[in-house]
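**Student:** Starting off with a structure, shown below.
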Amino acid sequence: MLEATVDRGLPKPALYREIAASLGALLEGETDALANLSNAAAHLAGALERINWCGFYLARGNELVLGPFQGKPACVRIAMGKGVCGTAAARRETLVVADVHTFPGHIACDAASRSEIVVPIVSDGRLRGVLDVDAPETDRFDLEDRRGLEAYIAALAPRIRWEAL
Ligand code: SME
């Protein structure tokens, strides 16, 4: 087993620092993009409390296609500009949705989801996909989550060979 467990009880800034720091050890010595992204999804899902879905959608032409994730089976294709994921991808901007029922066009993959954060992944100037995390309670994600997950993606993006996916 890979030793990359994070103490889920830490205050958020320390939690996200630890998640980003342990990512290096988790991906060390492995270059396979799919394997690394899969372990990254499992690692992040294990480190975050009160979530029901955590994973990646990958940019493929003018749509996003489901990538490695933890949670219930999800919608496979999302057009750019559609739903929370497609909107964040099109704008290349993080979206924090406190109540998904109030987001026009929200795509309900897991009926349990109540709030959501989507962080676009850009590397070498190209949109590679998004990180999507859903929670079964409203208002789960705040500014600290946003900053922490953006820092996480900034640490992850250079470690993945996106062109191989
Ligand atoms: N809710 C997302 C779709 C992806 S699932 O939540 C995993 C959206 O509106 O884009």
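**Student:** Going toward the positive end of the dipole of the chain, with +1 on Lys and Arg Cβ and -1 on Asp and Glu Cβ, which of 22, 81, 96 do you reach last?
**Tutor:** Checking the options against the dipole of the chain, the answer is 81.
**Student:** Can you send over the solvent-accessible area of residue 93, 1.4 Å probe, protein chains only, in Å² to the nearest 10?
**Tutor:** Looks like 80 Å² after rounding.
**Student:** Same structure, new question: Positive end of the dipole of the chain, charges at C-beta (+1 Lys, Arg; -1 Asp, Glu), about the Cα centre: which of 143, 69, 108 has its Cα farthest in that direction?
**Tutor:** It is 108.
**Student:** Now a separate question. Please work out how much accessible surface residue 50 shows to a 1.4 Å probe, ignoring ligands, DNA and RNA, in Å² rounded to 10.
**Tutor:** 120
**Student:** Using alpha-carbon pairs under 8 Å, 6+ residues apart, how would you state the relative contact order of the range 1-142 in percent?
**Tutor:** Value for the range 1-142: 20 percent.
**Student:** Further question: Provide the net charge surrounding residue 67, with neighbours chosen by a C-beta distance below 13 Å and charges set as Lys +1, Arg +1, Asp -1, Glu -1.
**Tutor:** Residues close to residue 67 contribute a combined charge of +1.
**Student:** Place a +1 charge on the Cβ of each Lys and Arg in the chain and a -1 charge on the Cβ of each Asp and Glu, then give the dipole magnitude about the Cα centre in debye, rounded to the nearest 20.
**Tutor:** 420
**Student:** Quick check: convex hull over the Cα atoms of the chain, volume per residue in Å³, rounded to an integer?
**Tutor:** Hull volume normalised by residue count: 103 Å³.
The values are calculated or read from the model by the stated rules, or taken from the named source; none is laboratory data. Bear in mind the structure is a predicted one, so any value in this text is a computation, not a measurement. Neighbour counts run over all protein chains shown; Cβ positions are idealised from the backbone, glycine included. Calculation scope for accessible area: heavy atoms of the full protein, side chains included, ligands and nucleic acids excluded. Shrake-Rupley method; radii C 1.70, N 1.55, O 1.52, S 1.80 Å.
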